[in-house]
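Asks: I'd like to ask you about the structure that follows.
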Amino acid sequence: MDLTGIQNALKDGDINKVGELTKAALDEGTAVKTLLDALIGEMDKIGVRFRNNEIFIPEVMISAKAMHAGLNILEPFLSKSGIKPVAKIGVGTVKGDLHDIGKNLVAMMFRGAGFEVLDLGIDVPIEKFIDTAKNKEVNIIAMSTLLTTSMGVMKDVIEELKKTGLLDKVKTMVGGAPVTETYATSIGANGYARDASSAVDKARELLGLLKRQI
Ligand code: B1M
């Protein structure tokens, strides 16, 4: 199927059309991964136009909503593969940051890989991550941010987990556009991944699970 229609609808912020065309493409047999790549690729372009001041926050917001419409259609198909959760992970966008598209993708990829995902949402305070590590039996605390101003929160969470002795029990992972491997290492995170797909591989590595056979 020609994916330009979906990408144009995303660019135009046509929420219904993105949903409808994504569903139609799936019905026609287009691979979930192909659709995901098409949506992410177009969202990246929207990001560039936003950065270049060619479009502004309202347009980006509406495209982000349209992106969610597409992702919502894809989610059950990504999640299908796992029968029993291989591990449990708490995922959230850290305090001060309201971006959720990347975090949702990360959550979706984990679900698709058979993980049980506790989605903590956006603007997640340090205490919520600590409570999740303490009381929700997660194997990994995964933090996302797109804002340089919120990166320090990841460090605070890791330090608090260390102080409370919870680092013996849970691993930490960080990611998001401004985060780098070097930064992750400097704040004591157990793992870093540059995209949602490699986040799953990194989590498996951290937990000593086998890598995907694909
Ligand atoms: Co915002 N925004 N935004 N924004 N926004 C960025 C991030 C920015 C780079 C744009 C720019 O100026 N060039 C810039 C950040 C600059 C910086 O700090 N370095 C920025 C800014 C400044 C802001 C505001 C401050 C703007 C303002 O109000 N003046 C404001 C902040 C509000 C707040 O959070 N407190 C703001 C607001 C918004 C909108 C609400 C309009 C909207 C968010 C809608 C939503 O999320 N529901 C928005 C958007 C959409 C963007 C851009 C255009 C796109 C982000 C996105 O969704 N990308 C973005 C520019 C850009 O990135 N090109 C921008 C697609 C998504 C799939 O990628 O989230 O990076 P991403 O996720 C990737 C990887 O990073 C990785 O996997 C994903 C893909 O596989 N990943 C992980 C993410 N988390 C991970 C965790 C992991 C591992 C991998 O392990 C745990």
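Asks: Within region 50-69, can one find any residue that is among the aromatic types (Phe, Trp, Tyr) and more than 17 Å from the chain's Cα centre (by Cα)?
Replies: Checked region 50-69: at least one residue is among the aromatic types (Phe, Trp, Tyr) and more than 17 Å from the chain's Cα centre (by Cα).
Asks: Give region 153-185 a look and list any residue that's among the polar types (S, T, N, Q) and closer than 21 Å to Asp201 by Cα, or say none.
Replies: Across region 153-185, the qualifying residues are Thr172, Thr180, Thr182, Thr185.
Asks: Which of (1) without any contact (Cβ under 8 Å) to a residue 40 or more places away in the chain; (2) near the ligand (Cβ under 10 Å from one of its atoms); (3) among the charged types (D, E, K, R) does Lys65 not meet, given it meets every other one?
Replies: Result: Lys65 fails condition (1) only.
Asks: Can I ask one more? If I filter region 142-152 for residues that are buried (at least 16 other Cβ atoms within 10 Å of the Cβ) and touching a residue at least 60 places away in the same chain (Cβ under 8 Å), do I get at least one hit?
Replies: Yes, region 142-152 has at least one match.
Asks: Got a sec? Which of Val48, Val18 is touching a Gly at 6+ places or on another chain (Cβ under 8 Å), part of a helix (DSSP H, G or I) and closer than 21 Å to Asn104 by Cα?
Replies: Within the list Val48, Val18, the selection yields Val18.
Asks: Restricting attention to region 37-47, does a residue exist that is buried (at least 22 other Cβ atoms within 10 Å of the Cβ) and in contact (Cβ under 8 Å) with a residue 60 or more places away in the chain?
Replies: No, region 37-47 has no match at all.
Asks: Another one. Give me the residue from region 75-108 that is at pLDDT 95 or above and within 8 Å of the ligand (Cβ to nearest atom) and, out of that set, most open to solvent (accessible area, probe 1.4 Å).
Replies: Of everything passing the filter in region 75-108, Leu98 is most open to solvent (accessible area, probe 1.4 Å).
Asks: Can I ask one more? Taking region 109-123 only, how many residues are at pLDDT 70 or above, out of contact with any Leu (no Cβ under 9 Å at 6 or more places or on another chain) and under 13 Å from Pro76 (Cα atoms)?
Replies: Count: 1.
Conditions (1) among the hydrophobic types (A, V, I, L, M, F, W, C); (2) in contact with a helix residue (DSSP H, G or I) (Cβ under 7 Å, 6 or more places away or on another chain), marked per residue:
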| site | (1), (2) |
| --- | --- |
| Gly29 | no, no |
| Ile46 | yes, yes |
| Pro76 | no, no |
| Lys95 | no, yes |
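Asks: So is Ala177 open to solvent by 70 Å² or more (accessible area, probe 1.4 Å), among the aliphatic types (A, V, I, L, M) and within 18 Å of the chain's Cα centre (by Cα) or not?
Replies: yes
Asks: Right, something else. If Lys33 satisfies every condition in (1) in a helix (DSSP H, G or I); (2) surrounded by fewer than 16 Cβ atoms within 10 Å (Cβ to Cβ); (3) near the ligand (Cβ under 9 Å from one of its atoms) but one, which is the exception?
Replies: Result: Lys33 passes all but (3).
The values are calculated or read from the model by the stated rules, or taken from the named source; none is laboratory data. What you see is a predicted model; the values in this text were computed from it and never measured. Cβ atoms come from the backbone with ideal geometry, glycine included; neighbour counts cover every protein chain shown. To get the accessible areas, we keep the full protein, side chains included, count just its heavy atoms, and leave off ligands, DNA and RNA. Shrake-Rupley method; radii C 1.70, N 1.55, O 1.52, S 1.80 Å.
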